[in-house]
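Remarks on the structure that follows.
The values are calculated or read from the model by the stated rules, or taken from the named source; none is laboratory data. Source: prediction; values computed, not measured. Ideal geometry is used to build each Cβ from the backbone, glycine not excepted, and the neighbour counts take in all protein chains shown.
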Amino acid sequence: MGHGRDCDQPSRPCPRRHGRGRPRPGLPLRTSPTSRARIPLALGLAFALEGAALAAPPTTAPLPDPRPRAAAPPAVEPAPQPVPASTCLARLALSGLRFSPEAAPEGPEACRVVDPVRLEALSGDGVTIAFPDRPLVACGFAEVVASFTREALAPLAVGHLQTRVTAVGTGPGYACRGRNQVPGARVSAHGRGLAIDIAWIALEGRRETVASPSDAAAARYLDTLRRAACGWFATVLGPGSDAAHADHLHLDREPRGRDGESRLCQ
Ligand SMILES: [Zn+2]
(Lines give C-alpha, C1' and ligand atoms only; values in the text may rest on other atoms or scores of the structure.)
Protein backbone atom coordinates (compact mmCIF):
# COMPACT_ATOMS: atom_id res chain seq x y z
CA MET A 1 0.00 0.00 0.00
CA GLY A 2 1.52 3.25 -1.00
CA HIS A 3 2.11 6.16 1.26
CA GLY A 4 -0.07 8.48 -0.66
CA ARG A 5 -3.05 6.18 -0.58
CA ASP A 6 -2.72 5.85 3.27
CA CYS A 7 -2.77 9.55 3.69
CA ASP A 8 -6.02 9.74 1.82
CA GLN A 9 -7.65 7.86 4.72
CA PRO A 10 -8.76 10.34 7.39
CA SER A 11 -8.48 7.65 10.12
CA ARG A 12 -4.82 6.92 9.45
CA PRO A 13 -2.03 9.12 10.72
CA CYS A 14 0.39 10.45 8.24
CA PRO A 15 2.93 12.30 10.37
CA ARG A 16 5.49 12.88 7.70
CA ARG A 17 3.10 14.22 5.31
CA HIS A 18 4.58 17.68 5.45
CA GLY A 19 7.89 16.64 6.90
CA ARG A 20 11.34 16.41 5.55
CA GLY A 21 10.53 13.81 3.02
CA ARG A 22 9.92 14.61 -0.55
CA PRO A 23 6.72 16.42 -1.08
CA ARG A 24 3.91 14.57 -2.66
CA PRO A 25 3.13 15.58 -6.13
CA GLY A 26 0.13 17.78 -6.16
CA LEU A 27 0.31 18.70 -2.48
CA PRO A 28 3.11 21.24 -2.03
CA LEU A 29 4.58 22.10 1.28
CA ARG A 30 4.14 25.78 1.11
CA THR A 31 1.67 27.92 -0.58
CA SER A 32 2.68 29.89 -3.51
CA PRO A 33 0.71 32.06 -5.83
CA THR A 34 0.19 29.07 -8.04
CA SER A 35 -0.80 26.71 -5.26
CA ARG A 36 -3.32 28.82 -3.41
CA ALA A 37 -6.13 27.11 -5.21
CA ARG A 38 -5.21 23.93 -3.36
CA ILE A 39 -5.27 25.48 0.08
CA PRO A 40 -8.77 24.34 1.02
CA LEU A 41 -7.80 20.74 0.32
CA ALA A 42 -4.53 21.09 2.25
CA LEU A 43 -6.29 22.65 5.21
CA GLY A 44 -8.88 19.93 5.29
CA LEU A 45 -6.30 17.20 5.28
CA ALA A 46 -4.16 18.95 7.87
CA PHE A 47 -7.15 19.24 10.18
CA ALA A 48 -7.93 15.55 9.86
CA LEU A 49 -4.35 14.54 10.51
CA GLU A 50 -4.09 16.72 13.60
CA GLY A 51 -7.16 15.04 15.04
CA ALA A 52 -5.56 11.64 14.49
CA ALA A 53 -2.14 12.51 15.98
CA LEU A 54 -2.68 15.12 18.66
CA ALA A 55 0.62 14.46 20.38
CA ALA A 56 2.69 14.66 17.31
CA PRO A 57 4.65 17.90 17.14
CA PRO A 58 4.20 19.89 14.05
CA THR A 59 6.86 19.04 11.62
CA THR A 60 6.36 21.91 9.36
CA ALA A 61 5.54 25.53 9.60
CA PRO A 62 1.83 26.26 9.65
CA LEU A 63 0.35 27.09 6.39
CA PRO A 64 0.17 30.80 5.98
CA ASP A 65 -3.15 32.40 5.66
CA PRO A 66 -4.20 32.68 2.12
CA ARG A 67 -3.33 36.02 0.77
CA PRO A 68 -6.24 38.33 0.63
CA ARG A 69 -7.39 38.72 -2.83
CA ALA A 70 -6.54 41.93 -4.48
CA ALA A 71 -9.44 44.26 -4.21
CA ALA A 72 -11.42 44.31 -7.41
CA PRO A 73 -10.99 47.58 -9.21
CA PRO A 74 -13.97 49.84 -8.83
CA ALA A 75 -16.47 49.53 -11.61
CA VAL A 76 -15.81 52.15 -14.19
CA GLU A 77 -18.78 53.65 -15.89
CA PRO A 78 -18.30 53.55 -19.65
CA ALA A 79 -17.73 56.98 -21.07
CA PRO A 80 -20.88 58.30 -22.75
CA GLN A 81 -20.63 57.91 -26.48
CA PRO A 82 -21.59 60.81 -28.65
CA VAL A 83 -24.88 60.27 -30.37
CA PRO A 84 -24.00 59.71 -34.00
CA ALA A 85 -25.59 62.03 -36.44
CA SER A 86 -27.55 60.36 -39.17
CA THR A 87 -25.47 59.19 -42.09
CA CYS A 88 -27.49 61.52 -44.27
CA LEU A 89 -26.51 64.56 -42.20
CA ALA A 90 -22.90 63.42 -42.30
CA ARG A 91 -23.02 63.15 -46.09
CA LEU A 92 -24.75 66.49 -46.36
CA ALA A 93 -22.01 68.14 -44.33
CA LEU A 94 -19.48 66.93 -46.90
CA SER A 95 -21.52 67.85 -49.96
CA GLY A 96 -20.80 71.56 -50.14
CA LEU A 97 -24.31 72.35 -49.02
CA ARG A 98 -24.68 74.90 -46.25
CA PHE A 99 -27.61 74.01 -44.06
CA SER A 100 -28.77 73.92 -40.48
CA PRO A 101 -30.36 70.90 -38.85
CA GLU A 102 -33.79 71.66 -37.45
CA ALA A 103 -36.05 70.12 -34.86
CA ALA A 104 -38.85 68.09 -36.35
CA PRO A 105 -41.82 70.38 -36.90
CA GLU A 106 -44.78 69.69 -34.68
CA GLY A 107 -47.70 68.19 -36.45
CA PRO A 108 -49.57 65.00 -37.16
CA GLU A 109 -47.73 61.79 -37.99
CA ALA A 110 -48.68 62.21 -41.64
CA CYS A 111 -46.44 65.26 -41.70
CA ARG A 112 -43.32 63.67 -40.26
CA VAL A 113 -40.05 64.97 -41.71
CA VAL A 114 -36.99 62.71 -41.52
CA ASP A 115 -33.86 64.57 -40.44
CA PRO A 116 -35.19 68.04 -41.19
CA VAL A 117 -32.72 70.66 -42.36
CA ARG A 118 -32.89 74.22 -43.63
CA LEU A 119 -31.08 74.78 -46.88
CA GLU A 120 -29.01 77.96 -47.02
CA ALA A 121 -26.56 77.75 -49.91
CA LEU A 122 -24.61 75.42 -52.14
CA SER A 123 -20.95 76.05 -52.79
CA GLY A 124 -18.56 74.52 -55.27
CA ASP A 125 -16.03 75.48 -57.93
CA GLY A 126 -15.70 78.92 -56.41
CA VAL A 127 -19.41 79.65 -56.85
CA THR A 128 -22.11 79.93 -54.23
CA ILE A 129 -25.79 79.59 -55.00
CA ALA A 130 -28.02 80.88 -52.23
CA PHE A 131 -31.39 79.56 -51.13
CA PRO A 132 -32.72 82.74 -49.54
CA ASP A 133 -36.09 81.18 -48.68
CA ARG A 134 -34.19 78.71 -46.47
CA PRO A 135 -36.61 75.88 -47.22
CA LEU A 136 -37.18 73.24 -44.57
CA VAL A 137 -36.82 69.79 -46.11
CA ALA A 138 -35.89 66.24 -45.19
CA CYS A 139 -32.17 65.56 -45.31
CA GLY A 140 -32.50 62.98 -48.06
CA PHE A 141 -34.43 65.45 -50.17
CA ALA A 142 -31.80 68.11 -49.52
CA GLU A 143 -29.26 65.80 -51.15
CA VAL A 144 -31.45 65.55 -54.23
CA VAL A 145 -31.87 69.34 -54.42
CA ALA A 146 -28.13 69.83 -54.08
CA SER A 147 -27.43 67.31 -56.83
CA PHE A 148 -30.05 68.83 -59.15
CA THR A 149 -28.73 72.34 -58.56
CA ARG A 150 -25.12 71.38 -59.09
CA GLU A 151 -25.60 69.12 -62.09
CA ALA A 152 -28.54 70.65 -63.95
CA LEU A 153 -29.76 74.02 -62.76
CA ALA A 154 -26.36 75.73 -62.68
CA PRO A 155 -24.69 74.26 -65.80
CA LEU A 156 -27.82 74.62 -67.94
CA ALA A 157 -27.83 78.35 -67.14
CA VAL A 158 -24.25 78.61 -68.34
CA GLY A 159 -25.10 76.67 -71.48
CA HIS A 160 -28.29 78.53 -72.40
CA LEU A 161 -27.66 81.99 -70.97
CA GLN A 162 -23.88 82.19 -70.58
CA THR A 163 -24.30 83.28 -67.01
CA ARG A 164 -24.09 81.84 -63.56
CA VAL A 165 -26.86 81.20 -61.09
CA THR A 166 -26.52 83.14 -57.85
CA ALA A 167 -29.74 82.23 -56.03
CA VAL A 168 -32.87 80.13 -56.31
CA GLY A 169 -36.30 80.94 -54.92
CA THR A 170 -37.59 77.67 -53.53
CA GLY A 171 -40.50 78.64 -51.30
CA PRO A 172 -40.62 77.38 -47.72
CA GLY A 173 -40.40 73.68 -48.56
CA TYR A 174 -42.22 72.09 -45.64
CA ALA A 175 -45.94 72.75 -45.28
CA CYS A 176 -48.29 70.33 -43.56
CA ARG A 177 -51.29 70.58 -45.85
CA GLY A 178 -53.34 68.67 -48.37
CA ARG A 179 -52.30 68.43 -51.98
CA ASN A 180 -52.87 71.58 -54.00
CA GLN A 181 -53.81 73.42 -50.81
CA VAL A 182 -57.05 71.41 -50.59
CA PRO A 183 -58.09 70.76 -46.97
CA GLY A 184 -58.79 67.09 -46.30
CA ALA A 185 -56.90 65.94 -49.37
CA ARG A 186 -54.01 63.52 -49.10
CA VAL A 187 -51.03 65.18 -47.46
CA SER A 188 -48.78 66.87 -49.97
CA ALA A 189 -45.14 65.89 -50.38
CA HIS A 190 -44.48 69.28 -48.80
CA GLY A 191 -45.88 67.81 -45.57
CA ARG A 192 -42.94 65.42 -45.35
CA GLY A 193 -40.28 67.86 -46.45
CA LEU A 194 -39.99 66.17 -49.82
CA ALA A 195 -40.82 69.11 -52.09
CA ILE A 196 -39.81 72.60 -53.11
CA ASP A 197 -41.43 75.14 -55.44
CA ILE A 198 -38.99 77.02 -57.65
CA ALA A 199 -40.57 80.36 -58.61
CA TRP A 200 -37.47 82.27 -59.75
CA ILE A 201 -33.80 81.88 -60.47
CA ALA A 202 -31.36 84.75 -59.94
CA LEU A 203 -28.56 85.05 -62.48
CA GLU A 204 -25.71 87.50 -62.61
CA GLY A 205 -27.44 90.84 -63.10
CA ARG A 206 -31.01 89.59 -63.53
CA ARG A 207 -33.74 87.35 -62.25
CA GLU A 208 -35.87 85.00 -64.29
CA THR A 209 -39.28 83.95 -63.08
CA VAL A 210 -40.88 80.68 -63.99
CA ALA A 211 -44.17 82.45 -64.69
CA SER A 212 -42.75 84.91 -67.26
CA PRO A 213 -39.24 84.41 -68.60
CA SER A 214 -37.72 87.61 -70.00
CA ASP A 215 -36.78 86.28 -73.41
CA ALA A 216 -36.72 83.21 -75.62
CA ALA A 217 -33.37 82.04 -74.33
CA ALA A 218 -34.59 82.20 -70.74
CA ALA A 219 -37.75 80.35 -71.75
CA ARG A 220 -35.63 77.60 -73.35
CA TYR A 221 -33.48 77.41 -70.25
CA LEU A 222 -36.48 77.00 -67.97
CA ASP A 223 -38.10 74.50 -70.31
CA THR A 224 -34.94 72.41 -70.52
CA LEU A 225 -34.51 72.62 -66.78
CA ARG A 226 -38.07 71.45 -66.23
CA ARG A 227 -37.56 68.39 -68.43
CA ALA A 228 -34.21 67.61 -66.84
CA ALA A 229 -35.79 67.76 -63.40
CA CYS A 230 -37.60 64.52 -64.14
CA GLY A 231 -34.26 62.78 -63.72
CA TRP A 232 -34.06 63.88 -60.09
CA PHE A 233 -37.64 64.15 -58.92
CA ALA A 234 -40.66 61.85 -59.00
CA THR A 235 -43.15 64.64 -59.71
CA VAL A 236 -42.53 67.76 -61.77
CA LEU A 237 -45.40 70.19 -62.29
CA GLY A 238 -45.40 73.77 -63.54
CA PRO A 239 -47.14 76.33 -65.72
CA GLY A 240 -49.63 74.51 -67.90
CA SER A 241 -50.01 71.53 -65.53
CA ASP A 242 -52.86 73.07 -63.58
CA ALA A 243 -53.85 76.33 -61.98
CA ALA A 244 -52.07 75.50 -58.73
CA HIS A 245 -48.69 75.39 -60.47
CA ALA A 246 -49.01 78.33 -62.86
CA ASP A 247 -46.14 80.32 -61.44
CA HIS A 248 -43.61 77.81 -60.14
CA LEU A 249 -42.03 74.43 -60.69
CA HIS A 250 -43.21 71.97 -58.09
CA LEU A 251 -40.47 69.37 -57.61
CA ASP A 252 -41.00 66.49 -55.22
CA ARG A 253 -39.52 63.15 -54.42
CA GLU A 254 -42.47 61.35 -52.92
CA PRO A 255 -42.40 57.76 -54.21
CA ARG A 256 -45.00 57.11 -56.88
CA GLY A 257 -46.54 53.92 -58.19
CA ARG A 258 -46.27 50.37 -56.95
CA ASP A 259 -42.51 50.23 -57.01
CA GLY A 260 -42.12 53.81 -55.90
CA GLU A 261 -40.16 54.60 -59.03
CA SER A 262 -42.88 55.98 -61.29
CA ARG A 263 -42.67 59.55 -62.54
CA LEU A 264 -45.18 62.30 -63.22
CA CYS A 265 -43.56 65.02 -65.27
CA GLN A 266 -45.87 67.51 -66.92
ZN1 LIG B 1 -45.21 72.34 -54.41
For G178, work out the one condition from (1) closer than 20 Å to L136 by Cα; (2) touching a residue at least 24 places away in the same chain (Cβ under 8 Å) it doesn't fulfil. (2)
Pairs returned, first residue in region 186-198 that is on the phi > 0 side of the Ramachandran plot, second residue that is of a type in the set (S, T, Y), beta-carbon separation under 6 angstrom, 6 or more apart or interchain, are G193/Y174
Output the number of residues of region 203-233 satisfying the condition of being surrounded by 15 or more Cβ atoms within 10 Å (Cβ to Cβ), part of a loop (DSSP other than H, G, I, E, B) and more than 16 Å from the ligand (Cβ to nearest atom). 1
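Here is a list: V236, V182. Which entry is at pLDDT below 95 and either surrounded by fewer than 16 Cβ atoms within 10 Å (Cβ to Cβ) or not aromatic (F, W, Y) (or both)?
Sole residue among the options that is at pLDDT below 95 and either surrounded by fewer than 16 Cβ atoms within 10 Å (Cβ to Cβ) or not aromatic (F, W, Y) (or both): V182.
Look through region 175-202, keep the residues that are in a loop (DSSP other than H, G, I, E, B) and within 11 Å of the ligand (Cβ to nearest atom), and return whichever of them is nearest to the chain's Cα centre (by Cα). Please lay out each step first, then the result.
Initial filter on region 175-202 (in a loop (DSSP other than H, G, I, E, B)): 175-177, 182-186, 188, 193-194, 199.
Cutting the leftovers down to within 11 Å of the ligand (Cβ to nearest atom) gives us 175, 177, 188, 194, 199.
Working: A175: 26, R177: 30, S188: 28, L194: 21, A199: 35 Å.
Of everything passing the filter in region 175-202, L194 is nearest to the chain's Cα centre (by Cα).
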